[in-house]
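Notes for the one structure printed next.
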Amino acid sequence: MTDGFHLVIDALKHNDIDTIFGLVGIPITDLARLAQAEGMRFIGFRHEQHAGNAAAIAGYITQKPGICLTVSAPGFLNGLTALANATTNCFPMILISGSSEREIVDLQQGDYEEMDQLNAAKPYAKASYRINKAEDIGIGIARAIRAAVSGRPGGVYLDLPAQLLAQSLDAEHGKRSLVKVVDPVPRQIPAPDSIQRALDVLKGAKKPLILLGKGAAYAQADADIRAFVENSGIPYLPMSMAKGLLPDNHPQSASAARSYVLAEADVVVLIGARLNWLLSHGKGKTWGAVPKKFIQIDISPTEIDSNVAIEAPLIGDIGSCVAALLKGIADNGHAKPDAAWTGAIAERKDKNMSKMAQTLAASPSPMNFHSALRSIRDILKTRPDINVVNEGANTLDYARSIIDMYEPRKRFDSGTWGIMGIGMGYAIGAAVITGKPVVAIEGDSAFGFSGMELETICRYDLPVVTIIFNNNGVYKGTDPNLNPNVPNDVPVTSFVKGARYDKMIEAFGGIGYNVTTPEELTAALNEAIASGKPSLINAVIDPNAGTESGRLTNLNPQSAAGKK
Ligand code: ADP
């Protein structure tokens, strides 16, 4: 005989899934134990949201769904934030949660951790399923895997009632019920006429631009994307998680002339990037007065025309679409963009880069974002294999433009939502899945959401170096308390002044550093990376450094209304 517990593990292993991120409790503790006993890795967290984030980033890196396992109701809800974030970012993951007894939940008779989890998950997941019979576990897991990775990837919820896990089944019958998903990420070949249309639009371009999004990084079509950029000679801009798909010091990178190229380009080729808020919805001041024609490569047909009209939609997987364009420009001949266009970009780049070099060269005391990031940048330049996690407001904004990336799928950040709290979850997921070191560059506020996972990092002895940009508060640490009636209350954006985050990791056996100058930061980071040990660097920066909401000031209602 076999049972639901064994069949879940067998079904995952049958599909080459070897790692589960989760947090144990009723009714899934034995499932986690069994996973470990059967040779899978179970990485146990302190909060489900971070286990879910780890699973999601593992999915992004590998194109295989990351698995997050939680208990019912509250554990499930904690994981749901990560599931929703994965769906929003198009990362494949499966949130598997144990659930209470259906007949009690449905009659609302007050079960332990009672909740209608399946329906709660639906609006936030790409697909949601419940398995009720042990003999359906094989097909249920197969369905969840295919839903997570095929087409536009996303988060899938899989509900496992406690009763299901205990159900027994004849072992032979159980074995036969397992399903191996064949071709889970099928190629989707673009229609030839859509390729021709795109090539025609490209031919008419005077000032073309390629925009690479994290969909392009996810697709693992690195060589063809690089060849398309280089053979076409078109300048390109990477979105933040597409940095490194081509090295950031590539001569065709237009990052240092971003505003100029967005405003001036006449034909924009979007490759795995959505025209959402991160691209000002494809319109307005950012996009300037020059009329635009868009060519958009995406696997999701409904992404097209989401914000502005798309002249040439290319629906298919990025690998196939880019390969077809590459062949098209080789067959038809392709004139490289005008020197007037590339020359004007080069000029802007030079000017902006020397301005930035000056800012970075300054060494103010106390240290500020720029001088601290200069130290980190110089070290990471020599270690392109290191994974970088980055979140915060100012810490995210500055690090994104200052820290260059040289390899694909090495930068993981706040993503489509601009979410805070992904830090330690992504860091753990990336370290576990790649076996490579991680440097997490964290604002002190952003770090607070997942800080307890330092214990997880230490428990698994992961090579994660966390750097806290500590300016004593959210945005900065110098705001006033606005209520004179409670003079001892603190400002809404304040934290404990002079907090020593480095002491936190020491509590779990990790190595803490407290640094106040770029030189100390350089020494600490070099030592921490070389040791391969869980480390945390508390980088004390000027409490006055930082602007409200980083570069998103315009999204604050008061500022948007011109009142601030
Ligand atoms: P960014 O935030 O970097 O601009 P987005 O997450 O907005 O990137 O966009 C990623 C896009 O890539 C999504 O619209 C998604 O449908 C698409 N995508 C993801 N994987 C593939 C793939 N393999 N082939 C084609 N499109 C893909």
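The values are calculated or read from the model by the stated rules, or taken from the named source; none is laboratory data. Everything numeric here is computed off the predicted structure, so don't read it as measured data. A quick note on method: Cβ atoms are made from the backbone with ideal geometry, for glycine too, and the neighbour counts reach across all protein chains shown.
Here are the numbers for this structure:
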read-out	value
Positions within segment 263-304 being within 17 Å of Thr416 (Cβ to Cβ), crowded, with 18+ Cβ neighbours inside 10 Å and not aliphatic (A, V, I, L, M), in sequence order	Gly272, Arg274, Gly282, Gln296, Asp298, Glu303
Residue check for Ala217: on the phi < 0 side of the Ramachandran plot, modelled with pLDDT of 95 or more, within 16 Å of the ligand (Cβ to nearest atom) and not assigned by TED's automatic domain parsing to the domain that holds Ser414	yes
Failed condition for Asp170, given (1) within 16 Å of the ligand (Cβ to nearest atom); (2) touching a strand residue (DSSP E or B) at 6+ places or on another chain (Cβ under 8 Å); (3) in the same structural domain as Arg102 (by TED's automatic domain parsing); (4) of a type outside the set (A, V, I, L, M, F, W, C)	(1)
Positions within segment 292-307 being assigned to a loop (DSSP other than H, G, I, E, B) and within 12 Å of the ligand (Cβ to nearest atom), in sequence order	Ile299, Ser300, Ile304, Ser306, Asn307
Any chance Asp479 is more than 30 Å from Ala431 (Cβ to Cβ), modelled with pLDDT under 95, surrounded by 15 or more Cβ atoms within 10 Å (Cβ to Cβ) and not small (Gly, Ala, Ser)	yes
Residue check for Asp248: without any contact (Cβ under 8 Å) to a residue 12 or more places away in the chain and either charged (D, E, K, R) or part of a loop (DSSP other than H, G, I, E, B) (or both)	no
Filter result for the condition that a residue is surrounded by fewer than 18 Cβ atoms within 10 Å (Cβ to Cβ), touching a His at 6+ places or on another chain (Cβ under 9 Å) and at pLDDT 95 or above, over Asn352, Asn307	Asn307
Residue in segment 546-558 that is closer than 27 Å to Ala362 by Cα and among the basic types (Lys, Arg) present	yes
Residue match in segment 184-203 (condition: in contact (Cβ under 8 Å) with a residue 24 or more places away in the chain, within 12 Å of the ligand (Cβ to nearest atom) and at positive phi)	no
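Okay, residues lined up against (1) assigned to a helix (DSSP H, G or I); (2) of a type in the set (S, T, N, Q); (3) under 30 Å from Ala263 (Cβ atoms):
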{"residue": "Lys349", "(1), (2), (3)": "yes, no, yes"}
{"residue": "Thr359", "(1), (2), (3)": "yes, yes, yes"}
{"residue": "His370", "(1), (2), (3)": "yes, no, yes"}
{"residue": "Asn390", "(1), (2), (3)": "no, yes, yes"}
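Yes or no, residue by residue, for (1) outside any helix (DSSP H, G or I); (2) hydrophobic (A, V, I, L, M, F, W, C); (3) not assigned by TED's automatic domain parsing to the domain that holds Glu230:
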position: Arg258; (1), (2), (3): no, no, no
position: Leu275; (1), (2), (3): yes, yes, no
position: Leu279; (1), (2), (3): no, yes, no
position: Ala309; (1), (2), (3): yes, yes, no
position: Gly319; (1), (2), (3): no, no, no
position: Ala323; (1), (2), (3): no, yes, no
position: Ala330; (1), (2), (3): no, yes, no
position: Asn352; (1), (2), (3): no, no, yes
position: Met356; (1), (2), (3): no, yes, yes
